[in-house]
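S.K.: After the structure tokens below, expect a handful of questions from me.
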Amino acid sequence: METSFWIVDTFSDNVFRGNPAAVLFVDELSDCALLQNIAMEINALETIFVKELYDGNFEALCFTPKIRGLYLGNGLFAAAKVINDRKPAVRRFNIICGIRIFLVNILDNGDVSIRFSTVELEKVPIPTNLSAALNDEIVVSIAAGKDELIVEMRSPSKLLNLSPNLDILGGIAYDSFILTTDTHYEVNADYDFGVRVFAPKLGIFRDMLTPIAATKLVAYWTGRMEKKELVGFQPSSDKTSYVSARYGSEFTNLTCRCVISVYGHILLHAGGEHLETAVL
């Protein structure tokens, strides 16, 4: 196997300041064990393998460093950015992940906009060890969207300064934890809600901003704020990540900037015994 790869910083227009995802174009998606090993070697938040279909659309598989599945969604934006970079005339297409189809639009300013199905949240009890995992910070409210737990905190400063205990979080029965807050106490804030996502069960031990989390946060905050167009911000010390969202009863559209930060090459020798990577 020989192919190029790209590292794309999603939700940012500055290299090394967004949430990185890796993109590889392949002829086949059948050898999932091999693809998982490559994702583990690259060790980005998410690695997406893309196969171009005959009709101009694209089939894809996503992997975290630890597990296969579309748990994050950053790879979708990264793939869209690379597809458009390689084929500037391609502005509207589908990325197919299993049974899920994501409609992609490249806007005139280069932003990537992707349509996600709108999600429904449910009320759940507070997990026993959540307070200990969050260093006894006050939790305002929680909700669950499938395997992700939304945890609302008191203020953006509390969200920014929190260092959760990832060992304890990893023992709670959710794949990821979406920590969020509104801007009620902020002056002249240019965003509606803050978000930091932690997913130790997926092999990810740093915070991030992900599309899958954003779709659930839009559902969470739309009712509280009585508005359907929102801006989310990742208030991490080393990130400047934003996402714009438009809520709908059937679909939620997310839009963000993406920038290619690394381009490289992968060569897998016969038998899968040796993997070489080179950054070009």
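S.K.: Considering lysine pairs in the chain that are 8 or more places apart or on different chains, how many have Cα atoms under 25 Å apart?
M.R.: 29
S.K.: Please give the Cα centre distance for the range 59-111 versus the range 1-21, rounded to the nearest Å.
M.R.: 12
S.K.: Moving to a separate point now. Among S244, S249, S157, rank each residue by its count of other Cβ atoms within 10 Å, from fewest to most, as a rough exposure measure.
M.R.: Result, fewest neighbours first: S249, S157, S244.
S.K.: So, one more: Using label points projected 7 Å from each Cα along Cα→Cβ, tell me how many nm separate V231 and D111, to one decimal.
M.R.: In this crude spin-label approximation the distance works out to 0.9 nm.
S.K.: Measuring from a point 7 Å past the Cα of S141 along Cα-to-C-beta, which residues in the range 239-254 have an amide N at less than 18 Å?
M.R.: What the label zone holds, given the 18 Å backbone N cut-off, is 247-248.
S.K.: Under 5 Å between amide H atoms, partner at least 5 residues away or on a different chain: which partners does F93 have, H built in plane at 1.01 Å?
M.R.: It is V104, by chain and number.
S.K.: What is the order of V50, V140, fewest Cβ neighbours within 10 Å to most?
M.R.: Ordered from fewest to most neighbouring Cβ atoms within 10 Å, V50, V140 come out as V140, V50.
S.K.: For I178, I126, what ranking results if the residue with the fewest other Cβ atoms within 10 Å of its Cβ goes first?
M.R.: I126, I178
S.K.: Enumerate by residue number the chymotrypsin sites (Phe, Trp or Tyr not before Pro) in the range 129-208 meeting two conditions: DSSP loop (anything except H, G, I, E, B), and at most 14 other Cβ atoms within 10 Å of the site's Cβ.
M.R.: Y185
S.K.: How much length, in nm to one decimal, is gained on full extension between N165 and S4, taken as 0.36 nm per residue of separation minus their Cα-Cα distance?
M.R.: Gain on extension, N165 to S4, equals 54.3 nm.
S.K.: Wrap a convex hull around the Cα atoms of the chain, take a quarter of its surface area, and give that in square nanometres.
M.R.: Value for the chain: 14.9 nm².
S.K.: Hey, with R₀ at 35 Å, roughly what FRET efficiency would D27 and I260 work out to, going by the Cβ-Cβ distance, to 0.05?
M.R.: It comes out at approximately 0.95.
Read-outs throughout are calculated quantities, based only on the coordinates presented, and are distinct from any laboratory measurement. Treat the numbers as computed from the prediction; the structure is a model and nothing was measured. Neighbour counts are summed over all protein chains in view; Cβ atoms, including those assigned to glycine, are modelled from backbone coordinates with ideal geometry.
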